[in-house]
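*Asks:* Pasting a structure below so you can have a look.
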Amino acid sequence: MAPRCWRWWHWSVWPRTRPPPARSTLSFRQHFSTQEKTPQICVVGSGPAGFYTAQHLLKHHTQARVDIYEKQLVPFGLVRFGVAPDHPEVKNVINTFTQTAHSDRCAFWGNVEVGRDVTVPELREAYHAVVLSYGAEDHQALDIPGEELPGVFSARAFVGWYNGLPENQELAPDLSCDTAVILGQGNVALDVARILLTPPEHLEALLLCQRTDITKAALGVLRQSQVKTVWIVGRRGPLQVAFTIKELREMIQLPGTRPILDPEDFLGLQDRIKEMPRPRKRLTELLLQTATEKPRVEEAARLASASRAWGLRFFRSPQQVLPSPDGRRVAGIRLAVTRLEGVGEATRAVPTGDVEDLPCGLVLSSIGYKSHPIDPSVPFDLKLGVIPNMEGRVVDVPGLYCSGWVKRGPTGVIGTTMNDSFLTGQMLLQDLKAGLLPSGPRPGSVAIQALLSSRGVRPVSFSDWEKLDAEEVARGQGSGKSREKLVDPQEMLRLLGH
């Protein structure tokens with residue numbers, strides 16, 4: 001078994017991984033003295049949380065070195081694999097992340113799964129501080145009968161499928177049904193509904209404008225989709241929806257579709273709007289207007305000609321996925337009718353005892369993402385799905401930090417994650433300045449790269465990613481797209497000569 005003492009790795013690996021310095025460079029002793037002043041910091045995860053944490057550390061400490069480890073071969077996490085393919089402007093943050101990765105004090109190491117290829121204790125021996133920013137890589141299960149039926153998917157997997165996440169490329173959703181049901185009323189639910197209902201000609205227009213990087217396979221399936229109606233179901237009411245006004249407005253204006261909202265769901269809301277915070281007020285006003293106001297002549301004509309529809313169903317909680325007569329796939333979903341109890345943040349939905357069966361051929365669960373423990377040495381709250389922390393400092397583990405969704409739960413947008421990650425970086429630098437982190441030099445990536453090599457793991461660098469990036473862009477240009485994503489890890493490795 002490989003020894004874990006970083007000093008062993010530091011002294012034994014150095015001659016094999018770095019050439020002896022030329023006479024004009026620093027002497028070994030001078031180099032070692034410099035190393036003592038260089039904090040070696042490791043970030044696990046290369047999504048927004050990871051890159052924003054690295055950005056803050058590099059900006060506010062002029063000597064810190066930051067290594068970013070990522071289990072995928074490619075960087076950027078949910079910016080690449082979670083943002084809707086018809087929202088290219090949201091992906092512009094990749095330009096900022098690329099600038100961070102190009103810093104001579106930053107290194108990206110893809111194809112390295114922390115917890116499998118290298119442990120957190122091994123990282124902590126090699127670095128002065130470790131930041132866990134690996135996000136929420138799983139979905140919340142429904143935990144209802146019939147969830148395992150063909151035709152039932154997590155929205156997370158569905159998004160990963162059309163966005164080119166390698167692990168979801170075998171999903172093969174059957175879109176030959178007329179009706180789909182999405183459980184959950186957040187932005188991801190609306191993203192999925194929009195992609196399902198976008199007319200094929202509109203997808204083609206996005207291609208011509210090079211405004212989508214949806215995968216070739218997904219585009220082929222969506223072109224043949226027979227889905228005409230999508231119900232977006234929530235267990236609570238209009239005041240508790242989790243999507244934003246931008247996403248709602250896009251759904252309302254989606255070409256070839258019309259909204260279905262029951263005016264009775266909005267009775268009494270007009271009087272409560274005045275007390276709401278501005279974002280919630282604007283969102284509720286738009287919902288109310290869509291549900292109750294008569295559209296203008298042009299809008300009425302557009303809605304009348306729409307061949308597809310989407311609707312919001314409130315006060316409904318999934319109770320059972322109903323099978324087809326032969327039991328081989330989903331045929332509908334049984335919903336418990338609910339009512340609200342409590343006020344404010346304590347409002348919860350409770351069953352009334354009534355049920356409703358909704359026929360459908362596709363069920364997509366969008367009730368939230370979930371983080372997993374990464375290593376037995378790291379404390380983890382299984383109920384909340386987060387690493388216990390105080391402002392990013394992992395409880396009872398000095399030198400270990402967290403940022404992003406694994407820190408606060410899967411909530412908020414990229415801007416929320418940015419502020420959250422900056423705060424974690426600030427806490428780390430405060431601890432460094434106060435002398436609360438290990439003193440003396442640490443070998444950083446020198447030790448970890450040797451350890452990975454001894455285990456047959458071949459990391460992928462950022463320059464390797466840029467080669468894959470250029471290949472994707474070139475393939476996209478051949479088919480009129482901004483890029484054609486590579487989805488097969490083995491093909492990626494072959495292209496890199498690994």
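The values are calculated or read from the model by the stated rules, or taken from the named source; none is laboratory data. Predicted model, so just to flag it, every value in this text is computed and none were measured. No Cβ is skipped: glycine too gets one built from the backbone with ideal geometry, and neighbour counts run over all protein chains shown. What goes into the accessible areas is simple: the full protein's heavy atoms, side chains included, and nothing from ligands, DNA or RNA. Shrake-Rupley method; radii C 1.70, N 1.55, O 1.52, S 1.80 Å.
*Asks:* Cα gyration tensor of the range 74-125, axes a ≥ b ≥ c as square roots of the eigenvalues: rounded (a/c below 1.5), prolate (a/b > b/c) or oblate?
*Replies:* Judged from the Cα gyration tensor, the range 74-125 comes out oblate (a/c at least 1.5, b/c at or above a/b).
*Asks:* Can I ask one more? For residue 172 and residue 141 in one chain, what is 0.36 nm times their gap in residues minus the Cα-Cα distance, to one decimal in nm?
*Replies:* The residue 172-residue 141 span can extend by a further 9.2 nm.
*Asks:* Taking the Cα atoms of the range 379-460, what is the range of coordinates along each of the three principal axes, in descending order and whole Å?
*Replies:* For the range 379-460, the Cα spread along each principal axis is 39, 32, 25 Å.
*Asks:* A 20 angstrom limit on the alpha carbon distance is what I want to check against. Which of 216/485; 59/433; 91/281 exceed it?
*Replies:* 91/281
*Asks:* Taking just the alpha carbons, could you work out the radius of gyration and Dmax for the range 426-469, both in angstroms?
*Replies:* Using the Cα atoms of the range 426-469, the pair Rg, Dmax is 15.8, 42 Å.
*Asks:* Let me know the whole percent of all Cα-Cα pairs from the range 228-297 that are separated by more than 18 Å.
*Replies:* Tail of the P(r) past 18 Å holds 38 percent of the pairs.
*Asks:* Leaving ligands, DNA and RNA out of it, rank 37, 370 by accessible area with a 1.4 Å probe, largest first.
*Replies:* Descending order: 37, 370.
*Asks:* Probe radius 1.4 Å, ligands and nucleic acids left out: which of 348, 236 has the largest accessible area, and how do the rest follow?
*Replies:* Of 348, 236, the descending order of accessible area is 348, 236.
*Asks:* Right, next: For the chain, what does the helix formula give at 222 nm: sum of -39500 (n - 2.57) over DSSP H segments with n ≥ 4, over the residue count, nearest 500 deg cm²/dmol?
*Replies:* Helix-only estimate at 222 nm: -10500 deg cm²/dmol.
*Asks:* Okay, moving on. Among 398, 384, 347, which residue has its Cα furthest toward the positive end of the charge dipole of the range 342-431, with +1 on Lys/Arg Cβ and -1 on Asp/Glu Cβ?
*Replies:* Result: 398.
*Asks:* Sticking with this structure for a sec: Quote to one decimal, in nm, the extra length available between residue 224 and residue 202 on full extension: 0.36 nm per residue of separation minus the C-alpha distance between them.
*Replies:* Between residue 224 and residue 202, full extension yields 6.6 nm more.
*Asks:* Sequence gap at least 6, Cα distance under 8 Å: using those rules, report the relative contact order of the range 363-498 to the nearest whole percent.
*Replies:* Relative contact order comes out at 13 percent.
*Asks:* Another one. Taking 0.36 nm per intervening residue step and subtracting the Cα-Cα distance, what contour gain separates residue 473 from residue 102 on full extension?
*Replies:* 131.6 nm
*Asks:* Also, quick follow-up: Students often get this wrong: which residues of the range 123-138 have the backbone nitrogen under 17 Å from the point 7 angstrom along Cα-to-C-beta of residue 382?
*Replies:* In the range 123-138, the label zone of residue 382 (backbone N under 17 Å from the point 7 Å along Cα→Cβ) covers 138.
*Asks:* Normalized C-alpha radius of gyration of the chain, against 2.2 N^0.38 Å?
*Replies:* Here the answer is 1.08, to two decimals.
*Asks:* In debye, nearest 20: dipole of the chain around its Cα centre with unit charges on the Cβ of K, R (+) and D, E (-)?
*Replies:* Dipole about the Cα centre, nearest 20: 1280 debye.
*Asks:* Further question: By a straight-distance test (C-alpha under 19 Å), which lysines pair with residue 407 as possible cross-link partners, with residues fewer than eight away in the same chain excluded?
*Replies:* 71, 370, 383
*Asks:* Please report the relative contact order for the range 350-407, taking Cα pairs under 8 Å with a sequence separation of at least 6, and give it as a percent rounded to a whole number.
*Replies:* 22 percent
*Asks:* Would you mind getting the accessible area per residue of the chain, heavy atoms of the protein chains only, 1.4 Å probe, in Å²?
*Replies:* I get 47 Å² per residue for this part.
*Asks:* So what are the range 269-309's ellipsoid semi-axes, whole angstrom, largest first, if each one is the square root of 5 times an eigenvalue of the alpha-carbon gyration tensor?
*Replies:* Working from the Cα gyration tensor, I get semi-axes of 27, 10, 8 Å.
*Asks:* Sticking with this one: Tell me whether the range 411-498 comes out rounded, prolate or oblate; compute the Cα gyration tensor, take square roots of the eigenvalues as a ≥ b ≥ c, and use a/c under 1.5 as the rounded threshold.
*Replies:* oblate
*Asks:* While we're on this one: Considering only protein heavy atoms and a probe of 1.4 Å, how much of the accessible area of the range 42-184 is carbon and sulfur, as a whole percent?
*Replies:* The value for the range 42-184 is 47 percent carbon and sulfur by accessible area.
*Asks:* Compute the relative contact order of the chain as a whole-number percentage, counting only Cα pairs closer than 8 Å that sit 6 or more residues apart in sequence.
*Replies:* 24 percent
*Asks:* A further question on this structure: In debye, nearest 20: dipole of the range 182-262 around its Cα centre with unit charges on the Cβ of K, R (+) and D, E (-)?
*Replies:* In debye, rounded to 20, the range 182-262 gives about 140.
*Asks:* Let me ask something else about it. Would you tell me the accessible area of residue 395, worked out with a 1.4 angstrom probe on the heavy atoms of the protein chains, in Å² to the nearest 10?
*Replies:* 50 Å²
*Asks:* With every protein chain left in place, what is the accessible area of residue 231 in Å² (1.4 Å probe, nearest 10)?
*Replies:* 40 Å²
*Asks:* For 296, 105, give me the order by solvent-accessible area with a 1.4 Å probe, most accessible first, ignoring ligands, DNA and RNA.
*Replies:* 296, 105
*Asks:* Testing the spin-label approximation: label points 7 Å from Cα along Cα→Cβ at residue 217 and residue 439. State their distance in nm.
*Replies:* Distance between label points: 5.5 nm.
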